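Input: a single structure, listed below in structure tokens.
Just so it is clear, none of the values below were taken in a lab; they were calculated from the coordinates. If you're wondering where the values come from, they're calculated on a predicted model, not measured in any experiment. All Cβ positions, glycine included, derive from the backbone under ideal geometry; neighbour counts span all protein chains shown.
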Amino acid sequence: MKIKFLGATQTVTGSRYLVEFGTSRVLIDCGLFQGYKNFREKNWAPFPVDPSTIDAVILTHAHIDHSGYIPRLVKNGFKGDVLATQATCDLSAIMLPDAGYLQEEEAAYANRKRFSKHKPALPLYTEDDAVKSLERFRAVDVRKTFRLESGLEITFTPAGHILGAASVRLQYENDSILFSGDLGRVNDAVMRAPESPESADIVVVESTYGNKRHALINPLDELRDVINRTVERGGIVLIPSFAVGRAQLLLYYIHQLKERGEIADVPVYLNSPMASKVNDVFMKHARETRLSLVEARAVCGTARIVRSQEESIHINELTSPMIVVAASGMATGGRILHHLKAFAGDPKNSVIFAGFQVGGTRGDLMVRGADEIKIHGQMWPVRAEVVDLESLSAHADADEVMQWLGRLKTPKQVFVTHGELPASDALRLRIESTLGWRARVPDLLETVEF
Ligand SMILES: [Zn+2]
């Protein structure tokens, strides 16, 4: 067995691992790099292995940092299947074309305003490319082992985090390897706790919060206080959010706060052309969550959905208190950028970040107190109150990852990935000292053979 780390080493983005067993070659996740420029530039570099030689992509979940390179891989010659849970297939069918559309839109905007250093600015792939790549997706059941022609056995186990998210275990003859994928929280209000997969010789575990323990405060109270403070000032609450997962949790909390009369009944907008489709998927798979269908429906009905660009622009002209949820969650792109230009400069308003902020993203800069940010080639002031609601994160903290690991039998080796170096290294140390297992943080492009 050979494993090559093609991404998500010493960073949380660009998840891609190549595994070779016998004659079989599979890619676990196929994500985009985000954040610091030297990482983003890797999206444009030639793929380190010829895509036509990869038999299958095994996708842990639909987030773009795990799936967003698939259209480019297909465009460059990948001919195999993309294996994923049904919910991941359903979400990818919305998110990948949206990612293509956004890239086309951003390239066109950059060319129109001439702020890109690249002339002309090009999308990594188009909406069309993304739609074509969906033909390669095949849905698989969770908790059931299935076998590829090559003899490779694959098992998906629910991992919490977002709808459809799974850990993946591969076995070929006597060798086995387990990828945690992104692990969810044990007590998330919407998603169930990650389940325990079967043990394996090699374990590759995520470490987004490898050096952190989530605060014990109730995120609902924190969210209520920020909303109330902002509304009292006559301000607007902006929430950059992934359209999938975090948006539903936020809407669930906002719905609860309104029901209990703990916040004013201000308008709530979910500004995403794909929001209503995501809501449909959310209801279709509501049984995977902790919510009843009635609750799921109420959550989806909490916000007015903003579809067109005209409506989105119109929001920027509104002046009375409201809550606007828009992608992307780290303000790296999407409609939130236009709202930040309109609202971040006013101290009455607030901007709430509700998940992990990758180093180098606008979200990371704002959380760390930047008083201006660059959007579309120009500097924009930040005077609004910026709040980091990390307790809303969809990722397990270090204790929760240790709990998940602690239920496995001792592996031969653990690789700690999907974390910035201080987080990955802290988790590595903890695995070695408390579990007594061999653990290592791999280097990018490193190949390990067993
Ligand atoms: Zn994720």
Worksheet item: If r is the Cβ-Cβ distance from LYS119 to MET283 and R0 is 45 Å, what FRET efficiency results, to the nearest 0.05?
Response: 0.50
Fill in: Which of GLU195, GLU20, GLU149, GLU206 has the fewest Cβ neighbours within 10 Å, and the rest in rising order
GLU149, GLU195, GLU20, GLU206
Practice prompt. In whole Å, largest first, what are the principal axis extents of the Cα atoms in the range 1-134?
Written response: 51, 30, 25
Worksheet entry | GLU310-LEU421 FRET efficiency (beta carbon distance; Förster radius 41 Å; 0.05 resolution) | 0.40
Practice prompt. On each of the three principal axes of the Cα atoms of the range 210-257, give max minus min coordinate, whole Å, ordered largest first.
Written response: 38, 23, 19
Worksheet, complete the sentence: Using alpha carbon centers only, the range 20-37 is separated from the range 120-175 by a whole-angstrom value of 11 Å
Worksheet item: What nm value, rounded to one decimal, do you get for the distance between GLU446 and ARG147 when each label is placed 7 Å out toward the C-beta?
Response: 3.4 nm
Response to the item:
Expected unfolding gain across LEU318-ASP128 under the 0.36 nm per residue rule, minus the alpha-carbon gap, is 65.0 nm
Worksheet item: Hey, got a sec? Which trypsin sites (Lys or Arg not before Pro) in the range 1-81 land in a DSSP loop and have at most 16 other Cβ atoms within 10 Å?
Response: LYS79
Worksheet entry | Residues SER199, SER241, SER15 arranged by fewest to most Cβ contacts within 10 Å | SER199, SER241, SER15
Fill in: Convex hull of the range 1-78 built on C-alpha atoms - directionally averaged projected area, nm²
4.8 nm²
Worksheet entry | Whole-number Å³ per residue for the convex hull built on Cα positions in the chain | 126 Å³
Worksheet item: If one puts a single equal scatterer on every Cα of the range 219-392 and applies the Debye formula without solvent, what log₁₀ I(q)/I(0) results at q = 0.08, 0.11 Å⁻¹?
Response: -0.22, -0.42
Response to the item:
In the chain, whole DSSP H helices that both stretch 15 Å or further along their axis by alpha carbon positions and average at least 1.0 on the Kyte-Doolittle scale are none
Discussion item. Rounded, prolate or oblate for the range 188-309? Axes are the square roots of the Cα gyration tensor eigenvalues, ordered a ≥ b ≥ c, and the cut-off for rounded is a/c under 1.5.
Written reply: prolate
Worksheet item: Just from its helices, what would the mean residue ellipticity at 222 nm be for the chain, if runs of 4 or more DSSP H residues each count -39500 (n - 2.57) and the sum is divided by every residue, rounded to the nearest 500 deg cm²/dmol?
Response: -8500 deg cm²/dmol
Worksheet item: Cα centroids of the range 1-16 and the range 314-379: how far apart, whole angstrom?
Response: 29 Å
Worksheet item: Arranged by the count of other C-beta atoms within 10 angstrom, fewest first, what order do TYR125, TYR101 take?
Response: TYR101, TYR125
Discussion item. Using a Förster radius of 45 Å, what is the FRET efficiency between ARG229 and ALA108 based on their Cβ-Cβ separation? Nearest 0.05, please.
Written reply: 0.70
Worksheet item: For the range 119-199, what size does the Cα cloud have along each of its three principal axes, sorted from largest down, in whole Å?
Response: 50, 40, 22
